[in-house]
Amino acid sequence: MNQPQHKEQKNSIQVGRFDIFFKKPYQILYNINDFLISIWFLVGSIMFLYEEWKRVGVWLFIIGSGQLAIRPTIRIIHHIHLKRHIKNNNQ
């Protein structure tokens, strides 16, 4: 029973008297990344409509494009982590 408690502590953040638990931390990272990508592209698109804001809009597109590369990286890290965890349990 001590092992599940350790896992819960590992996937939680203490905020004052409360603990925020993350059941699927990689899925949460993936969703936060997707949300930020949508914000960068939406705001960048609006800024691109105005000549004086085009440069900032282009930089937001570049940031969003860079974050698109993070999506498969999060998946790869998640799968590698699971394989290592499963391998360690079988030994």
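General remarks:
- Flag for PHE48 being surrounded by 11 or more Cβ atoms within 10 Å (Cβ to Cβ), of a type in the set (Phe, Trp, Tyr) and modelled with pLDDT under 95: yes
- Here the condition is being polar (S, T, N, Q) and either at pLDDT 85 or above or touching a Cys at 6+ places or on another chain (Cβ under 7 Å) (or both); of GLN3, GLN91, GLN9, GLN67, it holds for GLN67 alone.
- Residue match in the range 22-29 (condition: in a helix (DSSP H, G or I) and at pLDDT below 85): yes
The values are calculated or read from the model by the stated rules, or taken from the named source; none is laboratory data. In this text, all values refer to a predicted model and were calculated from it rather than measured experimentally. Note: ideal-geometry Cβ built from the backbone for every residue, glycine included; neighbour counts use all protein chains shown.
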